[in-house]
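Novice: Following this message is one structure expressed as structure tokens.
The values are calculated or read from the model by the stated rules, or taken from the named source; none is laboratory data. The structure presented is a predicted model; accordingly, all values stated were derived computationally and were not measured. Note that we place each Cβ from the backbone using ideal geometry, even for glycine, and neighbour counts take in every protein chain shown.
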Amino acid sequence: MSLTDLWTNSQAILPLIVLMAWACALLIIDLFIPHERKSWTAGLAAVGLALTLALVIMQPPGSVKAFQGMVTVDGFARFLHVLFLVSGLAGLAMAYDYLNRTNLQRGEYYTLILFSIGGMMAMAMASDLIMVFLSLEWLSIPLYVLAGFARPRLDSEESALKYFLLGAYAGGFLLYGTALTFGATKTTQLAGIITAVSGGQANIAMLTFGAALILIGLGFKVSAVPFHMWTPDVYQGAPSSVTGFMAVTAKAAGFAAMLRFFTLAFPAAAPKLTVVIWVLAALTMFLGNLVAIAQTNIKRMLAYSSIAHAGYILMALVPYANPKVAADSVASGIFYLLAYGMTTLGAWAVVIALEKQEGRGLNLDDYAGLGQKKPMLAAAMTIFMLSFAGVPPTMGFVGKLFLFRTAIAGGEIALALIGVLTSLISAYFYLRVVVIMYMRSGDPEVRSEFWLNLVVGASAVGVVLLSLFSAPVFQWAAVVLTQ
């Protein structure tokens, strides 16, 4: 590699280089910060994320390829980078007070968050299946550690072990699918796969089988049925600040790979995989919403809610094979990912506000009386529950509207009806939280902490405000892959 190539490649991934250098430096600096001053480590981590975010925003528009086509920096990658970094800042804000009151304050927490975000940024830029696998492991390994961060609590250790074992198993599927794709097309690069298919040089049967295995590997990461079994236990056992961060970023990273590769790299396999994705989306929406009804623990309820929303986002991939709605299909998926991320961060911030040091305060009954004691917090939680259920005026409603409209325009009327039906089912357990907050008496113990309140307030305002300006946001999402 020449010096010119090295400079070009470094410029393309400069935000990622800065973030990883900052994380490595922070790991060493933290050794000299006393335990009672670990908030300094949190502040330094936030500075690193803010600096990286500024570099991402200042990147010029356009698509740039680096490292011989293994990395692509385009509008899609930059959008996801912003989502990951903002979610990381929100995750640090949620953890600031939570780690202190749960006796989990250790500097490694913040560096692990930075390293995981680095893997997510690499995933968003990946234009090669090998890069996807490396990025997936890069972002996952810190999350395995963070899931067990509440050791020696048995449920936290169990969540880390389940996440690690099943994650390694899913990684094997992804790697095998990559090998089959290479055998079918003689390349693992996105551009090469497209060229091989369009030139008639690919083994379509082997390519389809490889794509199916890759779908299994990524399906685990996004908690799609039947690859969802780890989600409720991991979400419940992991520290709540970790779960809130992971529920948004890990799912977004998985869908980043899905949206990029299954809409661009496998055009010939799209008609064959459409039926598979259709079934996965329907099963995921049904199971997630139905099982959530039986949950009395708020973390498990939100875990099954997360599974259900993975089904809604999968719906965006189904009509992509129809060229008339291909662009709207990707745009609706990106828009819904934004709506889900903003709503989820706010909801988990409320959960953290009510959770007690001993892990209590996580049952639905613990939310009784919240409307009287903390009306603003209860109002924010109401907004988040309505957004999850798809009730206007919220981002969740607009996101589902775009998804269902695109599915119907693509001829997938049955899938759209399933989406509407499961949304009606979900209204029961989402509105149950609202009923408990306002219709039952109680005296919930609530933490009032500035940074946590900031996440709750900003998320609530964003969920409502952006729903009122959804048209320009959707139009922007429609062209994000071409920027």
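Novice: Any residue at all in the range 368-388 that is modelled with pLDDT under 90 and on the phi > 0 side of the Ramachandran plot?
Specialist: Looking for residues that are modelled with pLDDT under 90 and on the phi > 0 side of the Ramachandran plot, one finds at least one in the range 368-388, hence yes.
Novice: Ok, one more. Just checking: which of the helices (runs of 4 or more DSSP H) contained wholly in the range 1-63 hold 3 or more residues that are over 19 Å from Gln105 (Cβ atoms) and at pLDDT 85 or above? Let's see the steps before the verdict.
Specialist: On the way: elements: 3-12, 14-29, 39-58.
Fully inside the range 1-63 and qualifying: 14-29, 39-58.
Novice: If I ask for residues that are of a type in the set (Ser, Thr, Tyr) and under 28 Å from Val73 (Cα atoms), which ones from the range 424-466 would you list? Walk me through how you get there before you give the answer.
Specialist: Restricting attention to the range 424-466, the residues satisfying the condition of being of a type in the set (Ser, Thr, Tyr) are 426, 428, 430, 438, 441, 448, 459.
Ser459, the sole residue that qualifies.
Novice: Being within 13 Å of the chain's Cα centre (by Cα), surrounded by 22 or more Cβ atoms within 10 Å (Cβ to Cβ), under 16 Å from Leu338 (Cα atoms) and modelled with pLDDT of 90 or more is the requirement here; does Gly254 meet it? Walk me through how you get there before you give the answer.
Specialist: On the way: within 13 Å of the chain's Cα centre (by Cα): yes; surrounded by 22 or more Cβ atoms within 10 Å (Cβ to Cβ): yes; under 16 Å from Leu338 (Cα atoms): yes; modelled with pLDDT of 90 or more: no.
Judged against the criteria, Gly254 is not a match.
Novice: Can Ser241 be described as farther than 29 Å from Met315 by Cβ, at pLDDT 90 or above and of a type in the set (Ser, Thr, Tyr)?
Specialist: Working: farther than 29 Å from Met315 by Cβ: yes; at pLDDT 90 or above: yes; of a type in the set (Ser, Thr, Tyr): yes.
Answer is yes for this residue.
Novice: Restricting the first residue to the range 188-208 and requiring it to be over 12 Å from Gly69 (Cβ atoms), which pairs with a second residue that is among the charged types (D, E, K, R) and surrounded by fewer than 20 Cβ atoms within 10 Å (Cβ to Cβ) meet a Cβ separation below 9 Å and a spacing of at least six or different chains?
Specialist: Going by the 9 Å Cβ cut-off, the qualifying pairs are Ala196/Lys186; Gln201/Lys186; Ala202/Lys186; Ile204/Lys272; Thr208/Lys272.
Novice: Taking the conditions exactly as written (closer than 17 Å to Gly442 by Cβ, among the β-branched types (Val, Ile, Thr), at pLDDT 90 or above and surrounded by 22 or more Cβ atoms within 10 Å (Cβ to Cβ)), does Val350 satisfy them or not? Break it down stepwise before answering.
Specialist: Numbers: closer than 17 Å to Gly442 by Cβ: yes; among the β-branched types (Val, Ile, Thr): yes; at pLDDT 90 or above: yes; surrounded by 22 or more Cβ atoms within 10 Å (Cβ to Cβ): yes.
Yes.
Novice: Continuing with this model, one more query. Could you check the range 25-45 and list, in sequence order, the residues that are within 22 Å of Ser135 (Cα to Cα) and in contact (Cβ under 8 Å) with a residue 24 or more places away in the chain? Spell out the reasoning first.
Specialist: Going through the range 25-45, the residues within 22 Å of Ser135 (Cα to Cα) turn out to be 25-27, 45.
Within the range 25-45, Leu26, Leu27, Ala45 meet the criteria.
Here's the yes/no breakdown for (1) closer than 24 Å to Val464 by Cα; (2) of a type in the set (A, V, I, L, M):
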{"residue": "Leu280", "(1), (2)": "no, yes"}
{"residue": "Leu283", "(1), (2)": "no, yes"}
{"residue": "Gly288", "(1), (2)": "no, no"}
{"residue": "Gly311", "(1), (2)": "yes, no"}
{"residue": "Asn322", "(1), (2)": "no, no"}
{"residue": "Ala326", "(1), (2)": "no, yes"}
{"residue": "Ser329", "(1), (2)": "yes, no"}
{"residue": "Val350", "(1), (2)": "yes, yes"}
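Novice: Here's a check for you: in the range 175-187, which residue that is over 23 Å from Ala66 (Cα atoms) and aliphatic (A, V, I, L, M) is nearest to the chain's Cα centre (by Cα)?
Specialist: Taking the range 175-187 first, the residues over 23 Å from Ala66 (Cα atoms) are 176-177, 180, 183-184.
Checking which are aliphatic (A, V, I, L, M) leaves us with 180, 184.
Details: Leu180: 27, Ala184: 30 Å.
For the range 175-187, the residue satisfying everything is Leu180.
Novice: Now for a different question. Of the residues in the range 27-60, how many are touching an Asp or Glu at 6+ places or on another chain (Cβ under 9 Å) and more than 20 Å from Trp451 (Cβ to Cβ)? Write out each step before concluding.
Specialist: Of all residues in the range 27-60, those touching an Asp or Glu at 6+ places or on another chain (Cβ under 9 Å) come to 27, 30, 38, 40-41, 44.
Cutting the leftovers down to more than 20 Å from Trp451 (Cβ to Cβ) gives us 27.
Counting residues in the range 27-60 that are touching an Asp or Glu at 6+ places or on another chain (Cβ under 9 Å) and more than 20 Å from Trp451 (Cβ to Cβ) gives 1.
Novice: Under 9 Å between Cβ atoms, at least 6 apart or on separate chains: pull out the pairs that start in the range 142-155 with a residue that is in contact (Cβ under 8 Å) with a residue 12 or more places away in the chain and more than 15 Å from Tyr235 (Cβ to Cβ) and end on any residue that is among the acidic types (Asp, Glu) and not in a loop (DSSP other than H, G, I, E, B).
Specialist: If the second residue must be among the acidic types (Asp, Glu) and not in a loop (DSSP other than H, G, I, E, B), the pairs left are Val145/Glu108.
Novice: Right, here's the next one. Going by what's in this entry, would Thr181 be described as of a type outside the set (Lys, Arg), closer than 25 Å to Ala310 by Cβ and touching a residue at least 24 places away in the same chain (Cβ under 8 Å)? Full working, then the answer.
Specialist: Details: of a type outside the set (Lys, Arg): yes; closer than 25 Å to Ala310 by Cβ: yes; touching a residue at least 24 places away in the same chain (Cβ under 8 Å): yes.
Yes; evaluated as a whole, the condition is true for this residue.
Novice: Next question, about the same structure. Within the range 54-89, how many residues are hydrophobic (A, V, I, L, M, F, W, C) and within 17 Å of Leu345 (Cα to Cα)? Can you show your working first?
Specialist: Just the residues of the range 54-89 that are hydrophobic (A, V, I, L, M, F, W, C), to begin with: 54-58, 64, 66-67, 70-71, 73, 76-77, 79-80, 82-86, 89.
Imposing the further condition that a residue be within 17 Å of Leu345 (Cα to Cα) reduces the set to 80, 82-86, 89.
Residues flagged as hydrophobic (A, V, I, L, M, F, W, C) and within 17 Å of Leu345 (Cα to Cα) within the range 54-89 amount to 7.
Novice: Let me ask another. Could you please let me know if Ala95 is in a helix (DSSP H, G or I), under 20 Å from the mean Cα position of the chain (by Cα) and farther than 20 Å from Ile13 by Cβ? Can you show your working first?
Specialist: Values: in a helix (DSSP H, G or I): yes; under 20 Å from the mean Cα position of the chain (by Cα): yes; farther than 20 Å from Ile13 by Cβ: yes.
Answer is yes for this residue.
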